[in-house]
């Protein structure tokens, strides 16, 4: 189901293309509450704070973490865990609504001391047609089968 003319979300005075999502384990046995994630075309993987891995009962081994430097700062990321991302609608009041689509097998890197939820190319945007209209502060997203 395509998302057309989805409004930007304004945080701290800056309007950005963002989606409400929920993350679950591949088996669907654990899932998060709705999370507001920024669409970020500037890097390969999806990055979420490490405490989300705890919610999903993913085991993060400090011995496997590597230092990463990105536009959001420096931190330690763990190897990716394949997860399902559910894209949720945004209700009129700006909160998360019903599930629009599930995207399985998305590799998510969990970052220690991470504070942002970033939906990036590998596993997410490379499955979509994304149109961003900054002038009118809306975006459209068509997820491929």
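The values are calculated or read from the model by the stated rules, or taken from the named source; none is laboratory data. Source: prediction; values computed, not measured. Don't worry about glycine lacking a Cβ; one is built from the backbone with ideal geometry, like all the others, and counts go over all protein chains shown.
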For the range 7-23, does any single residue satisfy the condition of being under 21 Å from residue 104 (Cβ atoms) and without any contact (Cβ under 8 Å) to a residue 12 or more places away in the chain? no
Residue 97 meets each of (1) at pLDDT 85 or above; (2) closer than 24 Å to residue 8 by Cα; (3) crowded, with 18+ Cβ neighbours inside 10 Å with one exception, condition (3)
The residue from 107, 79 that alone is over 25 Å from residue 138 (Cβ atoms), modelled with pLDDT of 90 or more and outside any helix (DSSP H, G or I) is 107
Per the filter on the range 110-125, residues touching a strand residue (DSSP E or B) at 6+ places or on another chain (Cβ under 8 Å) and under 15 Å from residue 38 (Cβ atoms) are 111, 114, 115, 116, 117, 118, 119, 120, 124, 125
When the range 100-123 is checked residue by residue, the ones that are farther than 22 Å from residue 10 by Cα and crowded, with 21+ Cβ neighbours inside 10 Å are 106, 108, 109, 110, 111, 123
Selection from the range 39-66 of residues more than 14 Å from residue 109 (Cα to Cα), surrounded by fewer than 17 Cβ atoms within 10 Å (Cβ to Cβ) and under 15 Å from the mean Cα position of the chain (by Cα) yields 41, 42
How many residues of the range 85-100 are part of a strand (DSSP E or B), over 13 Å from the mean Cα position of the chain (by Cα) and under 16 Å from residue 18 (Cβ atoms)? The answer is 5
